[in-house]
Amino acid sequence: MSAGWSRWVVGDPTLAEPLLEALRAELAPVPAGEAVLQKLESGDLHCQLILYFSPGLQAIAHRHGAAACPSPDSNGLSLLLGDSSLLQ
């Protein structure tokens, strides 16, 4: 994966579905070669949902408060939207 990624800490995954539905609608269709990846990470009290936006989705990522980050580690990542080849 290349540089230029962004990371959004969504928070409690059990409360995230309305946000994810809005994001799906906003990104329909996802541009070719781009993706939003997701990962569950341990938080202070509960698990947190983290979304990673590929380099071509930075305008949308920043609208959601995502911060620049290095390419995500593929361990534990899954595809939320877009090109599954970015999981490799």
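The values are calculated or read from the model by the stated rules, or taken from the named source; none is laboratory data. The shown structure was predicted, so the numbers you read here are calculated from the model rather than taken from an experiment. No Cβ is skipped: glycine too gets one built from the backbone with ideal geometry, and neighbour counts run over all protein chains shown. With ligands, DNA and RNA removed, areas are computed over all heavy atoms of the protein, side chains included. Shrake-Rupley method; radii C 1.70, N 1.55, O 1.52, S 1.80 Å.
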- [ ] Report the full-extension gain for the segment Ser85 to Ala16: residue separation times 0.36 nm, less the Cα-Cα distance, to one decimal in nm.
- [x] 22.4 nm
- [ ] Take the solvent-accessible surface of the protein heavy atoms, probe 1.4 Å, and return the percent of it on the chain that carbon and sulfur atoms account for.
- [x] 55
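Taking the Cβ of Leu87 as the center, what net charge do the other residues with Cβ under 15 Å away carry, scoring Lys and Arg +1 and Asp and Glu -1? Mind showing how you got there, number by number?
Details: positive: Lys39; negative: Glu34, Asp73, Asp83.
Residues near Leu87 contribute -2 overall.
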TODO: Kindly provide the helix-only [θ] at 222 nm of the chain, computed as the sum of -39,500 (n - 2.57) over DSSP H runs of four or more divided by all residues, to the nearest 500 deg cm²/dmol?
DONE: -5000 deg cm²/dmol
Task: For the chain, size of Cβ-based charge dipole, Lys and Arg +1, Asp and Glu -1, in debye - done: 180
Task: Shape category assigned to segment 35-84 from the gyration tensor of Cα positions, a/c cut at 1.5 - done: oblate
Task: Charge dipole (the chain, unit charges on Cβ, about Cα centre) - positive-most of Leu80, Ser6, Pro18 - done: Ser6
- [ ] Highest first, please rank the peptides 24-33, 77-86, 51-60 by the mean number of other Cβ atoms sitting within 10 Å of their residues.
- [x] 51-60, 77-86, 24-33
Open item on the list: Please compute the per residue accessible area over the chain with all protein chains in place, 1.4 Å probe, rounded to a whole number of Å².
Closed with: 55
- [ ] Could you work out the mean projected area of the convex hull around the alpha carbons of the chain, in square nanometres to one decimal?
- [x] 5.3
